[in-house]
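A.B. asks: If you scroll down you'll find the structure; I have some questions about it.
Bear in mind these aren't lab numbers, they're just calculated from the coordinates by the rules spelled out. It should be emphasised that the depicted structure is a prediction, and the values quoted were computed from it without experimental measurement. Note: ideal-geometry Cβ built from the backbone for every residue, glycine included; neighbour counts use all protein chains shown.
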Ligand code: ZN
């Protein structure tokens, strides 16, 4: 399967059957909203960290298939990772869509499919929106010292 086929398959699967979709609105989750005005994408994420580990990510929003599917993949790839591992994967994801090849492909898992986005610079903000939202959530939770 070539990368473009993988890209289309991952986007379609995760757009039609999104993982971890729907917010819980409970106190143990930290909420972040971000939008991408260039495309009109709206993204909400919820994050739960316990003992330095991501134990729950919920995502919900509306927008294009790239932003919505990427949120599903992001939630699946980062759940179960330590904060440190997650921040490294998030950074590798940014590098990958910008065109950098020196990344840990194995850790990125299904997110590797978004490598194709580098051919469409206008869509990079769509692909990274949910990743930026969860990065902000991680920063806010860890800087509070509050592992809610
Ligand atoms: Zn978009």
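A.B. asks: What fraction of the Cα pairs in the chain, stated in percent, has a spacing above 21 angstrom?
C.D. replies: Result for the distance tail: 37 percent.
A.B. asks: Turning to a different aspect of this structure: Helix 83-98 against the longest principal axis of the chain: what's the angle in degrees, Cα atoms only, rounded to the nearest 10?
C.D. replies: 30
A.B. asks: Between residue 2 and residue 84, how high is the FRET efficiency from 1/(1 + (r/R0)^6) when r is the Cβ-Cβ distance and R₀ = 35 Å? Nearest 0.05. The partial results should precede the final answer.
C.D. replies: Numbers: r = 33 Å, r/R0 = 0.93.
Efficiency, rounded to the nearest 0.05: 0.60.
A.B. asks: Do the sum for the chain: with -39,500 (n - 2.57) for every DSSP H run of n ≥ 4, divided by all residues, what is the mean residue ellipticity at 222 nm, to the nearest 500 deg cm²/dmol?
C.D. replies: Counting only the DSSP helices, I get -14500 deg cm²/dmol.
A.B. asks: What do you get for the angle between helix 124-143 and the principal long axis of the chain? Use alpha-carbon atoms, 0 to 90 degrees, nearest ten.
C.D. replies: 20
A.B. asks: To the nearest 10 degrees, how steep is helix 65-78 against the longest Cα principal axis of the chain, on a 0 to 90 scale?
C.D. replies: 50
A.B. asks: GNM, the chain, Cα, under 10 Å: largest mean-square fluctuation among 79, 26, 128?
C.D. replies: Maximum among the listed residues: 26.
A.B. asks: Determine the gain in length on full extension of the stretch residue 23-residue 98; use 0.36 nm per residue of separation and subtract their C-alpha separation, reporting nm with one decimal.
C.D. replies: That pair, residue 23 and residue 98, stretches by 24.0 nm at full extension.
A.B. asks: Compute the FRET efficiency between residue 120 and residue 33 as 1/(1 + (r/R0)^6), taking r as their Cβ-Cβ distance and R0 = 25 Å, and round to the nearest 0.05.
C.D. replies: For residue 120 and residue 33, the calculated efficiency is 0.50.
A.B. asks: Post the alpha-carbon centroid distance, the stretch 76-148 to the stretch 1-53, in whole angstrom.
C.D. replies: The two parts, judged by their Cα centres, are 11 Å apart.
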